[in-house]
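Following: one structure in structure tokens, then a few remarks.
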Amino acid sequence: MVFPNNIAEMFSLLEKESVNGYVVGGAVRDIVMGKEPTDFDMAAECLPEDLLRIFAECRCFDHSIRFGTLNVVTDDGIVEITCCRRETGYTDLRRPDSVEFCKDIKKDLCRRDFTVNAMAMDSQGNIIDIFDGMGDIERRIIRTVGKADVRFSEDALRIMRALRFASTLGFEIEEDTKKAIHKNIHLLKNISSERIYEELTKLIMGDCAAEVLLEYSDVICEIIPELSPCVGFEQNNPHHIYTVYEHIARSVGACPKDKIIRLCMLFHDIAKPLMYTEDEKGIGHFKGHPEKSTDMARDILTRLHADSETVKLVCRLIKYHDTRPSATRKSLIKYLSKVGFEDAKLLLDVRRADLSAQSPAYHDQFEYLNESERIITSLETEGVCISVSDLAIGGGDIIEMGVPAGPRVGDILKELLKRVISGSLENDRASLIKALRGIIE
Ligand code: ATP
Ligand code: MG
């Protein structure tokens, strides 16, 4: 096994002091699966003071050293190295009451969540696999280390982690593990929103996000109760063949793996059950659902402690997800003046995902989205005017023509922009100045 230089270096520092070190967790799983690990975690059969001594010459963060963890800054990023430990008692159902350092990798592996995450690899590439993690990788199964019921009641975040790995690895969750998940859902209440949000965002980024969202709707509705009314909610509309929740789940799976877009899909129709009306023909409508979904998404994401940039962007996309300008220059210019080029491009992905989770009878609409995309691209290349700052004159020109500095200047610019966007005025200096004279007089 050839480890990256920084890991080989850490192994050799440990060996100099005759301490056994191991690569553990996700990196071993990735190596066994033939994938390049994205990050390496290590474990060492020693005590915290030994770690501090062995890595004394390295730049380190030692804020978690009382739990036996040291973060070593290497040329290839930060590597977390932890002393082998056992954990006992989870009275708060979140964190162990105490950790006990044990200098024994096998005992350390017992505290880990799933068999596929509970393997260690030494510096020679030998794998320590006491729970048949290799077998479970081959069978493509997520199974807890030890009794599932006990492990989820110790730390309910593991429920979200099971779903996350099922989604990202495309593995099935083993039967007992699955039963224990459904049984212990209520314990998720004990977990901080930050940790839930972190696992949720990883879950929705997986290849199998749609399948997991569908199979574990009870878990998802425990952390986002506002989704409950969507489950089983029939849309009674020719555009739709799925219930609201099923449509949501499928649309998450149908879009590019971009956190913002996938979060947008997760919440884009969440208000539909609240806004449902039926016309005299019995057809369902959801007027106003984009605005209401935007408000709900803002509340939910804020409660989950999503960063404010994410909240803002996701909400902007939800608000416009159902706005459908025709594929003409004129109507797209008007649309772009509202959403801007950046969001317009993201909204194309959103609308494609939305469409793919609707009735195939309307899939000819993809062509209209493709045409819209072509027009948007050429409008951007042309540098078409969509905001006041794109006008060929500025506030200074208006003041020079005798309008006193103040809000009126802005109002005049907006009026000029409106005319340019509607096509009744050209965006060149001469035409603008001429129109300006008319407005001032
Ligand atoms: P990724 O590829 O996303 O980093 P990972 O398996 O490395 O996946 P991490 O969240 O980085 O996941 O955790 C590292 C390792 O720590 C896991 O593989 C697992 O062995 C252990 N672990 C993490 N969280 C828990 C938990 N809540 N309970 C038990 N073991 C855990
Ligand atoms: Mg990791």
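The values are calculated or read from the model by the stated rules, or taken from the named source; none is laboratory data. Keep in mind the model is a prediction, meaning the values are calculated, not measured. No Cβ is skipped: glycine too gets one built from the backbone with ideal geometry, and neighbour counts run over all protein chains shown. Ligands, DNA and RNA are stripped out before the accessible areas are found, and what is left, the full protein with its side chains, is counted by its heavy atoms. Shrake-Rupley method; radii C 1.70, N 1.55, O 1.52, S 1.80 Å.
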Enumeration of residues in segment 47-102 that are within 23 Å of F152 (Cα to Cα) and charged (D, E, K, R): R85, R86, E87, D92, R94, R95, D97, E100
Verdict on V219 being more than 26 Å from K257 (Cβ to Cβ) and among the β-branched types (V, I, T): no
Residue satisfying condition, being touching a residue at least 60 places away in the same chain (Cβ under 8 Å) and charged (D, E, K, R), within set D343, D397, D349, D364: D349
Which listed residue, of G406, G383, is more than 30 Å from C255 (Cβ to Cβ) and among the small types (G, A, S): G406
Residue tally, condition open to solvent by less than 50 Å² (accessible area, probe 1.4 Å) and either assigned to a helix (DSSP H, G or I) or in contact with a Lys or Arg (Cβ under 8 Å, 6 or more places away or on another chain) (or both), over segment 324-348: 15
Filter pass, R53 being part of a helix (DSSP H, G or I) and either within 16 Å of ligand 2 (Cβ to nearest atom) or without any contact (Cβ under 8 Å) to a residue 24 or more places away in the chain (or both): no
Counted residues, segment 1-42 - those being in contact with a Lys or Arg (Cβ under 9 Å, 6 or more places away or on another chain) and within 16 Å of ligand 1 (Cβ to nearest atom): 5
Segment 90-127, residues that are in contact (Cβ under 8 Å) with a residue 12 or more places away in the chain, away from ligand 1 (no atom under 13 Å from the Cβ) and more than 27 Å from I185 (Cα to Cα): E100, F101, C102, K103, D104, K106, K107, D122, S123, Q124, G125, I127
Matching entry among V79, V116, V72 (being assigned to a strand (DSSP E or B), within 16 Å of ligand 2 (Cβ to nearest atom), within 17 Å of D30 (Cα to Cα) and modelled with pLDDT of 95 or more): V79
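Can you tell me which residues in segment 374-386 are in a helix (DSSP H, G or I) and buried (at least 16 other Cβ atoms within 10 Å of the Cβ)? If you could, list the steps in order and put the result at the bottom.
Quick first cut of segment 374-386, residues in a helix (DSSP H, G or I) only: 374-382.
Those that are in a helix (DSSP H, G or I) and buried (at least 16 other Cβ atoms within 10 Å of the Cβ): I375, I376, L379.
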Within segment 153-242, helices (runs of 4 or more DSSP H) holding 1 or more residues that are within 14 Å of ligand 1 (Cβ to nearest atom), in contact with a strand residue (DSSP E or B) (Cβ under 8 Å, 6 or more places away or on another chain) and open to solvent by 40 Å² or more (accessible area, probe 1.4 Å): 157-169
